[in-house]
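The numbers here are math on the coordinates, done by the rules we state, and not lab data. Remember, it's a predicted structure, so these values are computed and weren't measured experimentally. A quick note on method: Cβ atoms are made from the backbone with ideal geometry, for glycine too, and the neighbour counts reach across all protein chains shown.
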């Protein structure tokens, strides 16, 4: 078991990476951002079972490159589905809502990929052209 921000999670549980990005975001920038998110929670590349984003980014090369690197099929959710996650977000954004129809992409997608029993272990972090967040199924809280 590991501890991150007061959350206890079991390494046999699922970790999901949520990504948001501008169109044409550089692949190397997004991979570097993901590496930072994983390092923040001491999660190995091989521990991620999902890479998720909003459906309007389903053909975005940077997101597809990250999913390939993990060897997982990327998951994409509608803005309506992602908006359902708003009460659980650490960083909801009215600006993001105005642009895409949900209050967050990275955090919402990570939570949606795990389900209702998940919590963010890495809230949204940003690079110039992308955002990333990681969610995990909870074992217990301190």
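Pick from 74, 123, 26 the residue whose mean-square fluctuation is largest in a GNM of the chain, springs joining Cα atoms under 10 Å.
Among 74, 123, 26, the largest mean-square fluctuation in the Gaussian network model of the chain belongs to 26.
At R0 = 25 Å, how high is the FRET efficiency between residue 59 and residue 39 if r is their beta carbon distance? Nearest 0.05 is fine.
0.35
What does a probe at residue 27 reach in segment 53-79, counting residues whose amide N is under 11 Å from the point 7 Å along Cα→Cβ?
Answer for this model: 61-69.
Can you tell me, using C-alpha contacts under 8 Å and at least 6 residues apart, the relative contact order of segment 1-130 as a whole percent?
That works out to 32 percent.
State the extension gain, in nm to one decimal, for the chain segment bounded by residue 98 and residue 128, taking 0.36 nm per residue of separation less the distance between their alpha-carbons.
Gain in length upon complete extension: 8.9 nm.
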